[in-house]
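Undergrad: This is the structure I want to talk about, given as structure tokens.
The values are calculated or read from the model by the stated rules, or taken from the named source; none is laboratory data. Remember, it's a predicted structure, so these values are computed and weren't measured experimentally. Reconstructed Cβ throughout: ideal geometry from the backbone, glycine too, with neighbour counts over all protein chains shown. Ligands, DNA and RNA are stripped out before the accessible areas are found, and what is left, the full protein with its side chains, is counted by its heavy atoms. Shrake-Rupley method; radii C 1.70, N 1.55, O 1.52, S 1.80 Å.
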Amino acid sequence: MDYDLLIRGGTVVSAQDMAKADVAISGGQVVAVGALGGSAREVIDASGMLVMPGGVDTHVHLAQRSRGPEMCDDFRTGSASAAAGGTTTVVCFAWQGKGESLAEVVKDYHQRARQSMVDYAFHLTITDATPAVLDQELPSLVEEGNRSIKIFMTYDGVRLDDAAVIRVLAAARRNKALVCVHAEHHDLISWMGEQLVAAGLTAPKYHPWGKPMIAEREAVNRIVALAEALDVPIQVFHVSGAQSAEEIARAQARGLKVWGETCVHYLTLVAEDLDRPGFEGAKLVFGPPARTKADQEALWDYMRRGIIEVISSDHAPTRYDDPKGKKFAGEDGPFTQIPNGIPGLAARLPVLFTEGVTKGRIDPPTFVRLVSTNPAKLVGLHPKKGAIAPSSDADVVIWDPAKSVTLTNERMHHGGDYTPYEGYQATGYPVRVLVRGVTVFDDGKVVGKAGHGSYLPRAPYAKITPLGRFPTPFNPVDRKIV
Ligand code: URP
Ligand code: ZN
Ligand code: ZN
């Protein structure tokens, strides 16, 4: 036999192009792409199908420890959900609690991740930016391959104040790591929440009122300024609408290494969608919140122009009907007590394909760029991930662009008891998904084995090399004149 597997007759979609081609796979890698002859242990007929690199989701919360509400996906259920939606790589959060050793957290997270059926890497979530963490632990953790740091500008118990943000940015620059940021003005949204609750406006539908766009725009502006002052590449997570995207565009126009991510829910949900009977709106509580139709149109435009480069799920699921989930403070509790976050791993590709490609907003190469190639590049995993090319891992989605599927919670294959997309009509769906040449999802069934996934250490990569440009002739991070 010439190959382990031959995918014949499909249309291979790359980040730039699409063309009819066969894909040959051996030893878990792509070995040839083109008009191929030869024999293989298995031949898949992909006529009429798109053959795309597996989804790379760089914002996924799995197996996250918590002292309060509990996220309901571990690596076993979460990775099954990824596979079921065509995602073959996830980047998750080794999440430091206050007072904890980050190194211990990472060690523990490796154990948790062993159940994954898709490949994975870690962001380092720093919530306690002590000298011990930044100076003693961080250098070896980054060197081991955890080349991105996540920080929060809001949320009690996890947020960093500006002084700590600056310390983390400096440490990231020294250690050659990307910084990913949840940007919202903490004091403003805390105060807004208090005023709404005091006025008796406590239902889930008031959650977006408590987190207005101005609070996000200000924080994006501030983190961009800090990153510019220290010359540190950053990615702004979950850009929810026009005003924040505009801040990113302005930063990019100044030549800064500032990248933006948005999520499928910002393209499909609006604030009014939380106005549901009873407590049902809690199913759509996430931060920053859903905005307006005009924001959605603006985000599509920023995506087409390449200013927003990455679409993630921000899969952060808690169960709805559960005192450890959305009902943590009871159905009468104020929106300020509802855990933020929704499930979205399995829905990410089908919903984005439907809204984007099927509805004519973007073409298939743009889709591949947004969900696979760009995220892989930004976190230093390309071309191992995010490409179908010789020597790339054989992470492949065979995608039927005409397949119509009604989304249900069951189809999400996650640990949650709801999906925000219940009843959504998707057109375009994965029919078979391979991780390093091994089938993990086939014709509606998750068939991968827990533990098939591998940790992906990341080497230093050029995309996040700082510019070497500071506001004055002084480089404050290395304390030298440039
Ligand atoms: O609402 C959200 N996004 N929750 C998950 C944590 C985060 O902010 O990314
Ligand atoms: Zn966030
Ligand atoms: Zn998140």
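Undergrad: Please count how many residues of region 64-99 are within 16 Å of ligand 3 (Cβ to nearest atom), within 15 Å of the chain's Cα centre (by Cα) and of a type in the set (Gly, Ala, Ser).
TA: Within region 64-99, residues that are within 16 Å of ligand 3 (Cβ to nearest atom), within 15 Å of the chain's Cα centre (by Cα) and of a type in the set (Gly, Ala, Ser) number 4.
Undergrad: Further, regarding this structure: Name the pairs: first residue in region 104-116 and open to solvent by 50 Å² or more (accessible area, probe 1.4 Å), second residue part of a helix (DSSP H, G or I) and modelled with pLDDT of 95 or more, Cβ to Cβ under 7 Å, at least 6 apart or on different chains?
TA: Hits for this filter: 112/75; 115/75; 115/76.
Undergrad: Starting from region 145-158, take each residue that is more than 20 Å from residue 170 (Cβ to Cβ) and list its partners that are within 13 Å of ligand 3 (Cβ to nearest atom) and part of a loop (DSSP other than H, G, I, E, B), counting only C-beta distances under 6 angstrom and pairs at least six apart or across chains.
TA: Close Cβ pairs satisfying both conditions: 154/184.
Undergrad: How do the pairs read when you match residues in region 381-394 that are in contact (Cβ under 8 Å) with a residue 60 or more places away in the chain with residues anywhere that are part of a loop (DSSP other than H, G, I, E, B) and of a type in the set (D, E, K, R), using Cβ under 7 Å and keeping only pairs 6 or more apart or on different chains?
TA: Correct list of pairs: 381/458; 385/395; 392/384; 393/384; 393/385; 393/436; 394/436.
Undergrad: Then there's this: Could you grab me the full set of residues in region 329-370 that are open to solvent by 10 Å² or more (accessible area, probe 1.4 Å), among the polar types (S, T, N, Q) and within 12 Å of residue 428 (Cα to Cα)?
TA: 358
Undergrad: Continuing with this model, one more query. Is region 305-322 home to any residue that is acidic (Asp, Glu), within 25 Å of residue 73 (Cβ to Cβ) and within 16 Å of ligand 2 (Cβ to nearest atom)? Give the steps one after another, and end with the answer.
TA: Step one: of region 305-322, the residues acidic (Asp, Glu) are 309, 314, 321-322.
This time we only want the ones that are within 25 Å of residue 73 (Cβ to Cβ), so: 314, 321-322.
Checking which are within 16 Å of ligand 2 (Cβ to nearest atom) leaves us with 314.
Yes, region 305-322 has at least one match.
Undergrad: Scan region 145-185 for residues that are in a loop (DSSP other than H, G, I, E, B) and either surrounded by 20 or more Cβ atoms within 10 Å (Cβ to Cβ) or within 16 Å of ligand 2 (Cβ to nearest atom) (or both) and report the count.
TA: So the answer is 14.
Undergrad: Continuing with the same structure: Kindly list the number of the only condition in (1) open to solvent by 40 Å² or more (accessible area, probe 1.4 Å); (2) out of contact with any helix residue (DSSP H, G or I) (no Cβ under 8 Å at 6 or more places or on another chain); (3) more than 20 Å from residue 318 (Cβ to Cβ) that fails for residue 18.
TA: Evaluating residue 18 over (1) open to solvent by 40 Å² or more (accessible area, probe 1.4 Å); (2) out of contact with any helix residue (DSSP H, G or I) (no Cβ under 8 Å at 6 or more places or on another chain); (3) more than 20 Å from residue 318 (Cβ to Cβ) leaves (2) as the failure.
Undergrad: Could you please let me know if residue 422 is out of contact with any helix residue (DSSP H, G or I) (no Cβ under 8 Å at 6 or more places or on another chain), of a type in the set (D, E, K, R) and under 30 Å from residue 282 (Cα atoms)? Working first, answer last.
TA: Values: out of contact with any helix residue (DSSP H, G or I) (no Cβ under 8 Å at 6 or more places or on another chain): no; of a type in the set (D, E, K, R): yes; under 30 Å from residue 282 (Cα atoms): yes.
Judged against the criteria, residue 422 is not a match.
Undergrad: State the number of residues belonging to region 212-243 that are within 16 Å of ligand 3 (Cβ to nearest atom) and touching a Ser or Thr at 6+ places or on another chain (Cβ under 9 Å).
TA: Here the count works out to 9.
Undergrad: Please indicate, with yes or no, whether at least one residue in region 321-328 is open to solvent by less than 20 Å² (accessible area, probe 1.4 Å), touching a helix residue (DSSP H, G or I) at 6+ places or on another chain (Cβ under 9 Å) and farther than 25 Å from residue 94 by Cα.
TA: no
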